[in-house]
Structures are given as structure tokens and as C-alpha cells.
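Note sheet for the following structure.
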Amino acid sequence: MVCHYGTDLKEMVEKVKRYTKDGQVANYIPALSKANPDDVGVAIFDGNDTCFSEGNHRHLFTLQSISKVLTLALALMDHGEDVVFSKVGMEPTGDPFNSIAKLESHVPSKPLNPMINAGALAVSSLIKGDTNEEKLERLLHFVRELSGNKQINFNQEVATSEFKTADLNRSLAYFMKQHGVISGDVDVLLDFYTKQCAIEVNCEDLAKIGYALAHHGEHPDKNYSIIPYEIARLVKTFMVTCGMYNASGEFAIRVGIPAKSGVSGGIVGAVPGGVGIGLYGPALDDKGNSIAGMKLLELLSAKYHLSIF
Ligand code: GLN
């Protein structure tokens with residue numbers, strides 16, 4: 001099929017813009033409330049030199065929960081499956097991303113999967129490095145490699161804003177510390193976690209990260225694999241089962257692309273063996289997913305037969 005991403009994307013962005021009115025920008029992290037709810041951006045990377053992009057695709061936004069995919073890959077590369085999955089499970093929850101409920105009701109008290117906040121905090125605590133600076137530098141290096149963008153860094157204002165207000169995440173961490181899932185100082189972990197969530201990208205960076213995941217960690221301009229095949233497979237599977245939180249089931253039916261969203265309004269999509277997709281639309285639905293971004297993915301999936309099912 002001949003793809004006319006360029007012209008199609010323009011039309012699609014126009015079409016989904018009206019959905020932004022039904023959503024709201026995240027405000028529980030005060031710095032995120034500054035985003036413009038009308039923004040919609042998209043980029044698609046097919047492995048060639050250019051990205052097909054449209055709308056507010058150059059706008060910088062923070063990864064938020066999209067970072068969970070990257071820390072999971074890095075933790076698996078650092079320790080292997082046995083260690084990582086002794087701390088976090090492999091099952092979707094059907095609960096909101098920041099829910100504490102299953103930590104108490106589920107025995108043993110380990111988070112159900114690495115895509116919810118509790119699971120991501122447990123995974124972040126495993127990243128190797130003597131200090132948070134060292135850990136963050138390793139994570140940034142990884143993100144820069146995957147995106148091919150050496151400029152990528154984290155946004156201190158967003159990180160500080162989340163750190164000051166992250167009492168729910170703190171309580172998840174304290175709960176897990178009590179139950180031996182994590183050890184060490186909770187605020188040191190929160191400092192790393194909020195910085196990982198504040199790593200800043202644009203749609204094109206995200207599309208390239210998606211492409212790398214889609215191609216088992218291989219990049220077209222690199223002759224080595226950034227993520228081992230098996231880890232890329234595992235991470236993409238989590239994106240299908242848990243990537244859109246408690247909307248993952250409906251998303252699999254309507255879109256069928258391994259994807260991960262964040263409350264900044266970003267979504268990364270990785271079509272196995274195909275394109276990488278980066279989306280931005282800070283107006284969120286009630287589950288914390290970009291309302292226009294999800295709609296755009298639905299249109300793209302239908303038009304280019306991108307569903308893996
Ligand atoms: N940093 C955010 C938090 O922990 C990430 C959540 C998200 O993107 N869903 O609440």
C-alpha cells in the first residue's frame with residue numbers, strides 16, 4: 001500500500017482536534033497544567049531519514065508514564081527477568097494507574113505490573129548506579145541512543161513540581177518498602193522517579209523511540225541492537241496488555257498497536273517490524289490518556305492496517 005502520511009496526517013490532525021474539547025490537561029502535577037489543551041502533534045518514523053509529522057510535533061513535553069517502558073527495558077538489561085519479576089508482576093490491573101488498592105488486597109504484596117505507578121517505582125529502584133545522578137545519566141544516555149537525539153534532557157521545573165506534590169506515589173513507595181518490595185530512602189527514589197518522568201521529548205523523538213522498540217532495539221543508523229530482542233519483545237507485550245492503563249482492552253480492540261501513554265499527553269506507538277509513532281495532545285480523558293492522541297491512533301491504524309491482531 002502506498003502511504004501518503006504527509007497529506008493524510010494533516011487531515012487526521014484537523015479531524016481529531018475537536019476531541020480535545022472533551023478532555024482536560026493534567027493538573028495534579030502543577031507544572032503540567034500550563035499545557036495548551038488544544039495542541040495536537042504527531043510524527044511517524046519509518047526508518048528513513050525523515051519523519052512524517054504534523055501539528056504541534058516540535059513542541060517539547062515530558063515523558064511521564066512513557067518513561068516506564070524505558071526504565072523497564074533498562075532494568076531488565078541491568079538484572080535480567082528473574083530479579084525484575086521478583087519485584088513486579090505481569091498482569092493488567094483494571095485499576096487507575098496510581099491506585100493503591102491491589103497492593104493491599106493482592107498477596108504477595110508486589111505491584112501487578114510495571115506500567116502502573118507502584119510497579120514503575122519498584123522497577124526504578126532497580127536501575128543500576130551509585131547515585132541518582134549516575135542512574136539518570138544512564139537512563140538519559142539510553143533515551144538519547146533510542147531517539148538519536150543527543151540533546152534530550154529532563155525538565156527540572158516539572159520534576160520539582162511533581163516531587164513536591166507526589167504524596168500518593170510516596171505512599172505507594174512506603175507501602176512497598178514495608179513489604180520488602182523496595183529498600184532504601186523513599187525520597188531518594190521519588191527524586192529519581194520524578195526526574196525520569198520529566199525527561200523531555202518531542203513527537204519525532206518519540207516516533208524514533210517507538211521505531212527502535214518496533215525493531216527489537218535496532219536503529220537504522222546503528223549497526224548494533226540497543227535493546228536485546230527478547231527484552232524488546234517483552235516490553236512491547238506489556239505495552240499491549242497494560243500500556244494504556246485501564247483502557248488497554250478497548251485500545252487493543254480499537255487500535256491494536258503496542259503503545260504507552262503519559263499524563264503529559266504523549267503516546268508512543270511501536271508497530272512490530274513497522275513504523276514508530278509519537279503523539280502529543282495534553283487534553284486527557286478520565287483515565288489519563290490523550291483524547292486526541294488515541295483518536296488519531298485509531299484513524300492511523302484503520303487507514304494503514306496497523307493493528308497487530
Ligand atoms: N509522573 C506521573 C505520576 O507518577 C506519571 C503518571 C502517568 O503518566 N500516568 O503520577
Problem set entry | Of all residues making up the range 71-122, the number that are free of Cβ contacts under 8 Å to residues at least 60 places away in the same chain and polar (S, T, N, Q) | 4
For this session: Hey, could you check the range 212-255 for residues that are part of a loop (DSSP other than H, G, I, E, B) and small (Gly, Ala, Ser) and say which is modelled with the highest pLDDT?
Result: GLY243
For this session: Only one of these is crowded, with 17+ Cβ neighbours inside 10 Å, of a type outside the set (Lys, Arg) and either without any contact (Cβ under 8 Å) to a residue 12 or more places away in the chain or closer than 22 Å to TYR19 by Cα (or both): ALA283, ALA270. Name it.
Result: ALA283
For this session: Might you check whether a residue that is at pLDDT 95 or above and more than 16 Å from the ligand (Cβ to nearest atom) occurs anywhere in the range 276-289?
Result: yes
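When you go through ILE227, ILE231 one by one, which is the residue that is within 25 Å of GLU137 (Cβ to Cβ), in contact with a His (Cβ under 8 Å, 6 or more places away or on another chain) and not basic (Lys, Arg)?
Values: ILE231 fails: in contact with a His (Cβ under 8 Å, 6 or more places away or on another chain).
None of the others qualify; the one that does is ILE227.
Conditions (1) in contact (Cβ under 8 Å) with a residue 24 or more places away in the chain; (2) in contact with a Gly (Cβ under 8 Å, 6 or more places away or on another chain), marked per residue:
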| residue | (1), (2) |
| --- | --- |
| SER225 | no, yes |
| GLY243 | yes, no |
| ILE277 | yes, yes |
| LYS287 | yes, no |
For this session: Mind listing whichever residues of the range 226-274 are touching a strand residue (DSSP E or B) at 6+ places or on another chain (Cβ under 6 Å) and on the phi > 0 side of the Ramachandran plot?
Result: GLY265
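Let's see how each residue does on (1) hydrophobic (A, V, I, L, M, F, W, C); (2) touching a residue at least 12 places away in the same chain (Cβ under 8 Å); (3) buried (at least 24 other Cβ atoms within 10 Å of the Cβ):
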| residue | (1), (2), (3) |
| --- | --- |
| GLN156 | no, yes, no |
| THR165 | no, yes, no |
| ASN169 | no, yes, no |
| MET176 | yes, yes, yes |
| TYR211 | no, yes, yes |
| MET239 | yes, yes, yes |
Seminar exercise, completed: Residues of the range 6-39 being within 24 Å of SER147 (Cβ to Cβ) and touching a Pro at 6+ places or on another chain (Cβ under 9 Å), in sequence order, are ALA26, LEU32, ALA35, ASN36, ASP39
Exercise. Counting just the residues of the range 96-110 that are surrounded by 15 or more Cβ atoms within 10 Å (Cβ to Cβ) and more than 13 Å from the ligand (Cβ to nearest atom), which one comes out nearest to VAL84 (Cα to Cα)?
Worked result: LYS110
For this session: For the range 62-77, state whether one or more residues are surrounded by fewer than 24 Cβ atoms within 10 Å (Cβ to Cβ), touching a helix residue (DSSP H, G or I) at 6+ places or on another chain (Cβ under 6 Å) and farther than 20 Å from ILE227 by Cα.
Result: no
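Residues in the range 111-124: is at least one away from the ligand (no atom under 16 Å from the Cβ) and either at pLDDT 95 or above or among the basic types (Lys, Arg) (or both)? Lay out the reasoning, then the answer.
So in the range 111-124, the residues away from the ligand (no atom under 16 Å from the Cβ) come out as none.
No.
The values are calculated or read from the model by the stated rules, or taken from the named source; none is laboratory data. As the structure is a computational prediction, the values presented were derived from the model and not from experiment. With ideal geometry, Cβ positions are generated from the backbone for all residues, glycine too; neighbour counts draw on all protein chains shown.
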